[in-house]
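Step one of this worksheet: look at the structure below.
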Amino acid sequence: MPVILALAGLLLIGLIFGPQLWIRHVLAKHGVDRPDLQGTGAELARHLLDEAGLQAVTVEKTDKGDHYDPEARAVRLLPQHHDGRSVAAVAVAAHEVSHAVQHARGETAFMRRLELIRSLVWVERVAGVVLMLTPIVLIVVRSPALAILQVIAGIALLGIRVVVHATTLPVEFDASFGKALPVLLRGRYLAAGDMQAARGVLKAAAYTYVAAALASLLDVARWFRILRF
Ligand SMILES: [Zn+2]
């Protein structure tokens with residue numbers, strides 16, 4: 001029995017952290033410097049935004065992960081993608097620009113996802129309260145079983161983030177394969193031999209939020225950040 005439990009535990013940890021490790025691996029593998037490429041990720045993002053008539057969208061450097069910020073209307077790239085010349089930098093830049101295009105066009109699926117993500121703040125606050133009350137329940141009711149149940153309930157609430165990102169994966173796939181890939185092919189920003197690698201990066205970029213949401217389920221430090229509202 002303990003062996004089965006240990007295996008189940010390992011499997012669960014693999015399922016929770018595996019996707020994020022896979023994304024890191026893909027980005028690192030294709031993140032090698034390629035001086036032969038035409039420009040950095042930031043230069044390509046600027047060029048693609050201008051081409052799409054989105055001069056007002058800015059391109060910025062961040063250390064919080066590549067993303068498009070719809071509030072600030074900014075494409076934000078990690079330093080290695082902002083300043084780097086690599087297949088990963090090019091593909092990630094094209095992916096994030098695609099979100100700016102989805103937003104500018106007011107595409108229904110993108111706008112719906114925006115609403116869903118905004119409402120996640122409330123779910124996380126409820127999860128925070130449930131988790132915060134655990135020690136009190138433990139002291140007052142003196143029931144470790146109830147406390148464990150409460151922690152599970154808190155984590156299950158945080159799991160709604162995973163569900164939201166999983167159900168909105170079509171928005172990510174549209175950014176990667178409906179928009180970024182055709183743009184890269186049409187503009188010949190990468191050689192034909194690099195397109196397979198670019199496809200891999202675009203796939204990883206599409207799964208970024210689901211993977212991050214999964215990993216955050218067991219991110220105890222993040223629980224404490226939620227509690228500080
Ligand atoms: Zn994306």
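Some observations on this one:
- Condition check for Ala213: within 16 Å of the ligand (Cβ to nearest atom), within 13 Å of the chain's Cα centre (by Cα) and open to solvent by less than 10 Å² (accessible area, probe 1.4 Å): yes
- Cβ-Cβ under 7 Å pairs, at least 6 apart or on other chains, region 164-187 side aromatic (Phe, Trp, Tyr), far side surrounded by 21 or more Cβ atoms within 10 Å (Cβ to Cβ) and part of a helix (DSSP H, G or I): Phe173/Ala206; Phe177/Leu202
- For region 169-186, the set of residues classified as away from the ligand (no atom under 12 Å from the Cβ) and open to solvent by less than 10 Å² (accessible area, probe 1.4 Å) consists of Leu184 only.
- Tabulated pairs, region 73-88, first touching a residue at least 24 places away in the same chain (Cβ under 8 Å) and more than 18 Å from Tyr189 (Cα to Cα), second hydrophobic (A, V, I, L, M, F, W, C) and open to solvent by 40 Å² or more (accessible area, probe 1.4 Å), C-beta under 7 angstrom, 6+ apart or interchain: Arg73/Ala56
- Lone qualifier among Arg76, Arg34 - being under 30 Å from Gly193 (Cα atoms), more than 21 Å from the chain's Cα centre (by Cα) and not hydrophobic (A, V, I, L, M, F, W, C): Arg34
- Residue in region 141-157 that is open to solvent by less than 80 Å² (accessible area, probe 1.4 Å), within 26 Å of Asp66 (Cα to Cα) and modelled with pLDDT under 95 present: yes
- Scanning region 187-198 for residues that are touching a Leu at 6+ places or on another chain (Cβ under 7 Å) and open to solvent by 20 Å² or more (accessible area, probe 1.4 Å) yields a total of 1.
- A count restricted to region 94-125 and to residues that are in a helix (DSSP H, G or I), within 14 Å of the ligand (Cβ to nearest atom) and either out of contact with any His (no Cβ under 7 Å at 6 or more places or on another chain) or open to solvent by 60 Å² or more (accessible area, probe 1.4 Å) (or both) stands at 13.
The values are calculated or read from the model by the stated rules, or taken from the named source; none is laboratory data. Since we're looking at a predicted model, the values are computed, not measured. So basically every Cβ, Gly included, is an ideal-geometry build from the backbone, and we count neighbours across all protein chains shown. The protein model used for the area step is the full one, side chains on, heavy atoms only, and it has no ligands, DNA or RNA in it. Shrake-Rupley method; radii C 1.70, N 1.55, O 1.52, S 1.80 Å.
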